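None of the figures in this text is laboratory data; all of them are computed from the coordinates on show. All figures in this text were calculated on a predicted structure; none of them were measured in a lab. No Cβ is skipped: glycine too gets one built from the backbone with ideal geometry, and neighbour counts run over all protein chains shown.
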Amino acid sequence: MISIDGSLIIIIAIIGFLIFALNRLFFRPVQRVMEERERRISGPQQEAKRILDDHDKQLASLQAATSKARREANLYKAQFREKAREESEKVVEASNTEGRQRLERESALLGEQKKHVRNELTAHIQTLANKIAGHFVRG
């Protein structure tokens, strides 16, 4: 069996003193160094996180602006194409109208010339017929 004597009190006193001394001389300074290290590391980490968050916000803002600009450009392009198509239709219609009018004028002029040529040919034929008839009658 274990006997308790006076040396036990001395051993407990030595252990208590060692705990107190180690706590004062080793554990507390190590704890302070670790806390200071954590503080030095966490500051730049938080700053880096803040910078990344700002960057992400700026990137999202830029992407939104780019998307908006692309939508506006596509809308403008569609409007421009529609306007160009309408203008093209107007030009084609005007050209067709002018072509029809010119065709009508030229057809009317050609009809007049045809009548004139027919009348001249009829007169010329009549003259030739009279000459031929006169030639046979005389001859």
**Study point:** Estimated distance in nm for a label pair at residue 13 and residue 81, the labels positioned 7 Å out from Cα along Cα-to-Cβ
**Key:** 10.0 nm
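Sequence gap of 8 or more, or different chains, plus Cα separation below 23 Å: how many lysine pairs satisfy both in the chain?
So the count of such lysine pairs works out to 5.
Where does the chain land at 222 nm, in deg cm²/dmol rounded to the nearest 500, when only DSSP H runs of n ≥ 4 count, each adding -39500 (n - 2.57), divided by all residues?
Working: 2 runs with 128 residues, N = 139.
Value at 222 nm, helices only, nearest 500: -35000 deg cm²/dmol.
Starting from 0.36 nm per residue, how many nanometres of slack lie between residue 60 and residue 125 once their C-alpha separation is accounted for? Can you show the working numbers first?
Numbers: separation 65, 0.36 × 65 = 23.40 nm, distance 9.36 nm.
Additional length available on full extension: 14.0 nm.
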Study note, to complete from the structure: Pseudo-spin-label distance residue 116 to residue 4, built 7 Å along Cα→Cβ, given in nm, is 15.1 nm
Point to revise | Gap separating the Cα centres of segment 102-139 and segment 7-70, nearest whole Å | key: 118 Å
Point to revise | Label-to-label distance, nm, for residues given as residue 52 and residue 69 (7 Å Cα→Cβ offset) | key: 2.8 nm
